[in-house]
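Participant: Before I ask anything, here is the structure I am working with.
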Amino acid sequence: MSELQIGEVVTGIYKTGKYIGEITEVRHQHYLVRVLAVLKHPMQGDLHNPKEADVLIFHERKALSYREQANIPKQMVKPFKEEVPDYLESLRQAVDKMITELTENTTSWAEMSLKSIASLEKDYFK
């Protein structure tokens, strides 16, 4: 696969979130990507024990902020050819989608995740 270039608009998976962004730097094994929109909100809880409620610390995981930069492994970055949506609208859609999926899940992990998301919404949509 040919190398993507600085300035290209891409999607990238960072931890458990998926974002649309612009490449600002090409590194050896990563692209530095400036976030422009959110496609999938990060999962809540412990990354090492996904979907488990009985963990030492249940992490509240925020989506990357508008224009925040993330070092994303090259294999997790793909070109994006569509129009880039508004950051806040994309975040709202990603949060709503996650809430819908969590509401359909009856586990204690989903319950704890919904509490985290409710807390995050207060920060996101002031």
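Only the coordinates and a few stated rules stand behind these numbers; no lab work does. Nothing here was measured: the structure is a model prediction, and the numbers come from that model. Neighbour counts are summed over all protein chains in view; Cβ atoms, including those assigned to glycine, are modelled from backbone coordinates with ideal geometry.
Participant: Could you give each residue of segment 76-93 its phi-based ³J(HN,Hα) in whole Hz, using Karplus coefficients 6.51, -1.76, 1.60 with θ = phi - 60°, and x for Gly or Pro?
Facilitator: Couplings: 9, 10, 9, x, 10, 9, 7, 6, 7, x, 4, 4, 4, 5, 5, 5, 4, 5 Hz.
Participant: Still on this structure, please answer the following. Just to confirm the number: angle between the C-alpha axis of helix 108-124 and the first principal axis of the chain, 0 to 90 degrees, nearest 10?
Facilitator: 60
Participant: Could you work out the mean projected area of the convex hull around the alpha carbons of the chain, in square nanometres to one decimal?
Facilitator: Orientation-averaged projected area of the Cα hull: 8.3 nm².
Participant: Can you tell which of 33, 93, 56 lies farthest toward the positive end of the dipole of the chain, using +1 and -1 charges on the Cβ of basic and acidic side chains (Lys, Arg; Asp, Glu)?
Facilitator: So the residue we want is 33.
Participant: What does the charge count around residue 58 come to, taking other residues whose C-beta lies under 12 Å from its C-beta (Lys +1, Arg +1, Asp -1, Glu -1)? Don't skip to the end; give the middle numbers.
Facilitator: Details: positive: 51, 61, 115; negative: 46, 52, 54, 60, 111.
Neighbourhood net charge equals -2.
Participant: Determine which lysines satisfy two conditions relative to residue 122: a Cα distance under 22 Å, and not lying fewer than 8 residues away in the same chain.
Facilitator: Reachable lysines: 18, 40, 62, 97.
Participant: Give the calculated FRET efficiency between residue 84 and residue 15 to the nearest 0.05, with a Förster radius of 25 Å applied to their Cβ-Cβ distance.
Facilitator: It comes out at approximately 0.75.
Participant: Select from 116, 108, 90 the residue whose mean-square fluctuation is largest in a Gaussian network model of the chain (Cα-Cα springs shorter than 10 Å).
Facilitator: Top of the fluctuation ranking is 108.
Participant: Find out how many positive minus negative residues lie around residue 40, taking Lys and Arg as positive, Asp and Glu as negative, among other residues whose Cβ is under 10 Å from that of residue 40.
Facilitator: Values: positive: 18, 97; negative: none.
My count for the surroundings of residue 40 gives +2.
Participant: Would you please name the chymotrypsin sites (Phe, Trp or Tyr not before Pro) within segment 61-126 that are DSSP coil residues with at most 16 other C-beta atoms within 10 Å of their C-beta? Kindly include the intermediate steps, with their values, before the conclusion.
Facilitator: Numbers: sites: 66, 80, 87, 109, 124, 125; in loops: 66, 80, 125.
Passing both the DSSP loop test and the Cβ count: 66, 125.
Participant: Can you give the net charge of the other residues whose Cβ lies under 14 Å from the Cβ of residue 20, counting K and R as +1 and D and E as -1?
Facilitator: Values: positive: 18, 34, 40, 67, 78, 81; negative: 8, 22, 68, 82, 83, 86, 89.
Counting the neighbours of residue 20, the net charge comes to -1.
Participant: Considering the zone a paramagnetic label at residue 92 would reach in this model (a point 7 Å from Cα along the Cα-to-Cβ line), which residues of segment 106-126 have amide N under 16 Å from it?
Facilitator: Counting only backbone N, you get 121-126.
Participant: Okay, helix-only estimate at 222 nm for the chain: each DSSP H run of n ≥ 4 adds -39500 (n - 2.57), divide by all residues, round to 500 deg cm²/dmol; what do you get?
Facilitator: When only DSSP H runs of four or more count, the value is -9000 deg cm²/dmol.
Participant: Need one number: nm distance between label points at residue 119 and residue 107, each 7 Å from Cα along Cα→Cβ, rounded to one decimal.
Facilitator: Using points 7 Å along Cα→Cβ, the separation is 2.0 nm.
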